[in-house]
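Encoded as structure tokens, the structure appears first; notes follow it.
The values are calculated or read from the model by the stated rules, or taken from the named source; none is laboratory data. What you see is a predicted model, and the numbers here were worked out from it, not measured in a lab. When we count neighbours, we look across all protein chains shown, and the Cβ atoms used for this are built from the backbone with ideal geometry, even at glycine. Surface areas here come from the heavy atoms of the whole protein model, side chains and all, with no ligands, DNA or RNA. Shrake-Rupley method; radii C 1.70, N 1.55, O 1.52, S 1.80 Å.
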Amino acid sequence: MATKAVMEFKVHPYVQFMSDRFGAYDRWIESEGLPVVSGSHVQDVRTLELGDWPRRGGKGAYLSFSDQRVADGYVCEIAAGTSLAPQRHLFEEIVLIAEGRGATTVWYDEARKRTFEWEAGSLFAIPLNAWHQHFNASGTERARYFGLTSAPVVFELYRDADFIFNTDHLFRDRFDPAQEDFFSREGKYNTDYYGGILESNFISNIRDIRLVPREKRGKGNRNMYIHMAGSTMLAHVSQFPVGTYKKAHRHGPGAHVYMLDSTGYSLMWQEGEKPERFDWQEGTVISPPAGSWHQHYNTGPEPCRFVALHASTAVQGEERGVEQIEFEDEDKVLRQMYEDECARNGVAAQM
């Protein structure tokens, strides 16, 4: 028998009560005094306007995208010849260097500090609750990076910044200071997993990692998942050829897509709604809202490569799978839009 569902409420009253009464993460963000970017998209983290960040000793902005509340991004700038203040915290973090060169020191034990050097394209995770400090190695040029953290979840759980930033517990299963090669040892590829998984604590240039075929997302697609520093957060790199686009798909919250190579656009839409377009180039970050369809189109003269940083596996909801729309079932208007864009850019569509 057919039934018609009616929405009782958009936000559960208890959830609203907790947010109104406590709102720990929102209050902490406000206390930081930084610009907060909402929505689902930043055109270029390298040109994003930042504010002074006294607590860190640099500049920054929060990317609080899509009201997802499971992971938030931020952009941080380190001035030439300076370093950020040391810190530790109970939330997880993955860092992608957008520009510049420098080094990061990580430690539990002052006598066993581990330091690694980075440049634009480097990717690494901060081991849970480890002290860490970022240094700009250039005396003339700034450095910028994009980070994704699980801070929203941790703040809502504990609601105590002093506890989050000043707890002494050492998570030795995440980071063993006795391992001198923790950030320098060669990564391990697990290619028997669908899409491939690279286990590595530091990647000097994300463009150099080996990818494996994943043509279920489209002909010529290649992919690799990345697991770092024992984190429950993860990343994956995807690449698809000139003149092509990926199949539309949707999944749970928390994915933040950082575009690395080529130019193009992405479409995002909720079921039954008109797609919204977001143009991108290197440095663009796009975060699809939970459950929204999204699709990435390459209109540039080189293969498109991006790295997606994901929320913790405990909250992102992808254990329920990822849905996608096969090319033969897609809206033909979207295919024509793509062919027209390729023609304007002098690129031959290969679909």
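Do we find that Phe124 is assigned to a strand (DSSP E or B), over 25 Å from Ile286 (Cβ atoms) and within 22 Å of the chain's Cα centre (by Cα) in this structure? No; evaluated as a whole, the condition is false for this residue.
Might you check whether a residue that is within 22 Å of Ala235 (Cβ to Cβ) and open to solvent by 60 Å² or more (accessible area, probe 1.4 Å) occurs anywhere in the stretch 331-342? No. Scanning the stretch 245-270 for residues that are at pLDDT below 95 and either aromatic (Phe, Trp, Tyr) or outside any strand (DSSP E or B) (or both) yields His251, Gly252, Pro253, Gly254, Ala255, Gln270. Within the stretch 120-150, the set of residues being farther than 16 Å from Ile203 by Cα and among the aromatic types (Phe, Trp, Tyr) comprises Trp131, Phe135. Scanning the stretch 57-77 for residues that are assigned to a loop (DSSP other than H, G, I, E, B) and touching a helix residue (DSSP H, G or I) at 6+ places or on another chain (Cβ under 9 Å), which turns out farthest from Lys113 (Cα to Cα)? Restricting to residues being assigned to a loop (DSSP other than H, G, I, E, B) and touching a helix residue (DSSP H, G or I) at 6+ places or on another chain (Cβ under 9 Å), the top hit is Gln68. On the stretch given as the stretch 128-154, residues that are open to solvent by 10 Å² or more (accessible area, probe 1.4 Å), farther than 25 Å from Asp176 by Cα and assigned to a strand (DSSP E or B) total 2. Filtering the stretch 238-255 to residues that are under 25 Å from Gly346 (Cβ atoms), more than 17 Å from the chain's Cα centre (by Cα), open to solvent by less than 10 Å² (accessible area, probe 1.4 Å) and in contact (Cβ under 8 Å) with a residue 60 or more places away in the chain leaves Phe240, Gly243, Tyr245. A count restricted to the stretch 188-210 and to residues that are surrounded by fewer than 17 Cβ atoms within 10 Å (Cβ to Cβ) and assigned to a loop (DSSP other than H, G, I, E, B) stands at 6.
For every residue, the table says whether it meets (1) of a type in the set (Gly, Ala, Ser); (2) in contact with a Leu (Cβ under 9 Å, 6 or more places away or on another chain).
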position	(1), (2)
Leu170	no, no
Asp181	no, no
Ser200	yes, yes
Arg222	no, yes
Ser231	yes, yes
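When Ala80, Ala85 are screened for being hydrophobic (A, V, I, L, M, F, W, C), open to solvent by 10 Å² or more (accessible area, probe 1.4 Å), in contact (Cβ under 8 Å) with a residue 60 or more places away in the chain and assigned to a loop (DSSP other than H, G, I, E, B), only Ala80 passes. Filtered by the rule that a residue be part of a loop (DSSP other than H, G, I, E, B) and modelled with pLDDT of 95 or more, the stretch 289-322 gives Thr299, Gly300, Pro301, Glu302, Pro303.
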